[in-house]
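Engineer: Sending over a structure as structure tokens; questions will come in a sec.
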Amino acid sequence: MRRTGCVLLADVPLEERRRYRWGDWCFRPRFGDLFCRRYYYSIPLDRCLGAAQILDWIAQISHKSWASPKILTDLVRALDEIIDLQANACGLGQEPKDAAARIRRCLEAQGVKVP
């Protein structure tokens with residue numbers, strides 16, 4: 001069986017499972033990305049270090065022919081659970097001055113190596 005780098009759900013306690021999968025999106029800390037399994041598309045999380053970069057990825061995905069409302073909803077939920085968008089990127093409609101550092105700490109705490 002070919003491994004894609006996704007965490008095997010059988011190895012993750014039940015209460016932690018939501019942390020790694022949202023519909024077709026899979027959080028792969030080892031690769032530092034969010035990966036859409038159905039369409040073989042990867043979003044490198046080290047390129048999501050601010051509100052503008054995060055919004056750019058969401059907009060880019062929205063223009064893909066395969067981007068259904070569910071794909072987009074799952075992507076936003078995944079980004080929110082991984083990064084905690086309102087706390088670290090866009091709380092009260094403003095990006096904190098230290099957003100990149102906050103997001104970097106958040107990712108590193110989950111095993112993502114951010115250069």
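The values are calculated or read from the model by the stated rules, or taken from the named source; none is laboratory data. Just so it is clear, the structure is predicted and the values come from calculations on it, not from any experiment. We place every Cβ from the backbone using ideal geometry, glycine too, and count neighbours over all the protein chains shown.
Engineer: Hey, any hits in region 82-91 for a residue that's closer than 17 Å to residue 25 by Cβ and not in a helix (DSSP H, G or I)?
Structural biologist: Yes, region 82-91 contains at least one residue that is closer than 17 Å to residue 25 by Cβ and not in a helix (DSSP H, G or I).
Engineer: Within region 63-81, track down each residue that is in a loop (DSSP other than H, G, I, E, B) and either closer than 13 Å to residue 24 by Cα or in contact (Cβ under 8 Å) with a residue 60 or more places away in the chain (or both).
Structural biologist: 66, 67, 68 - these are the residues of region 63-81 that are in a loop (DSSP other than H, G, I, E, B) and either closer than 13 Å to residue 24 by Cα or in contact (Cβ under 8 Å) with a residue 60 or more places away in the chain (or both).
Engineer: Name the residues in region 44-60 that are touching a residue at least 24 places away in the same chain (Cβ under 8 Å) and in contact with a helix residue (DSSP H, G or I) (Cβ under 9 Å, 6 or more places away or on another chain), would you?
Structural biologist: Listed by number, the residues that qualify are 45, 46, 48, 49, 50, 51, 54.
Engineer: Something else now. So, of the residues in region 74-115 that are aliphatic (A, V, I, L, M) and in contact with an Asp or Glu (Cβ under 8 Å, 6 or more places away or on another chain), which turns out to be farthest from residue 20 (Cα to Cα)?
Structural biologist: Let us first name the residues in region 74-115 that are aliphatic (A, V, I, L, M), namely 75-76, 78-79, 82-83, 85, 87, 89, 92, 99-101, 103, 107, 109, 112, 114.
In the following step, the residues that additionally are in contact with an Asp or Glu (Cβ under 8 Å, 6 or more places away or on another chain) were identified as 89, 107, 112, 114.
Numbers: 89: 20, 107: 13, 112: 13, 114: 18 Å.
Looking at residues that are aliphatic (A, V, I, L, M) and in contact with an Asp or Glu (Cβ under 8 Å, 6 or more places away or on another chain), I get 89.
Engineer: Residues in region 61-105 that are in contact with a helix residue (DSSP H, G or I) (Cβ under 6 Å, 6 or more places away or on another chain), of a type in the set (A, V, I, L, M, F, W, C) and more than 26 Å from residue 40 (Cβ to Cβ): how many?
Structural biologist: Going through region 61-105 one residue at a time, the tally reaches 3.
Engineer: Which residues, counting only those in region 53-67, are surrounded by 12 or more Cβ atoms within 10 Å (Cβ to Cβ) and not basic (Lys, Arg)?
Structural biologist: The initial filter retains those residues of region 53-67 that are surrounded by 12 or more Cβ atoms within 10 Å (Cβ to Cβ), namely 53-58, 60-62, 64, 67.
Hits for region 53-67 are 53, 54, 55, 56, 57, 58, 60, 61, 62, 67.
Engineer: Among the residues of region 92-115 satisfying the criterion of being among the hydrophobic types (A, V, I, L, M, F, W, C) and part of a helix (DSSP H, G or I), which is surrounded by the fewest Cβ atoms within 10 Å (Cβ to Cβ)?
Structural biologist: 92
Engineer: So residue 34 passes all but one of these: (1) modelled with pLDDT under 95; (2) in a strand (DSSP E or B). Which condition number does it fail?
Structural biologist: Failed condition: (1).
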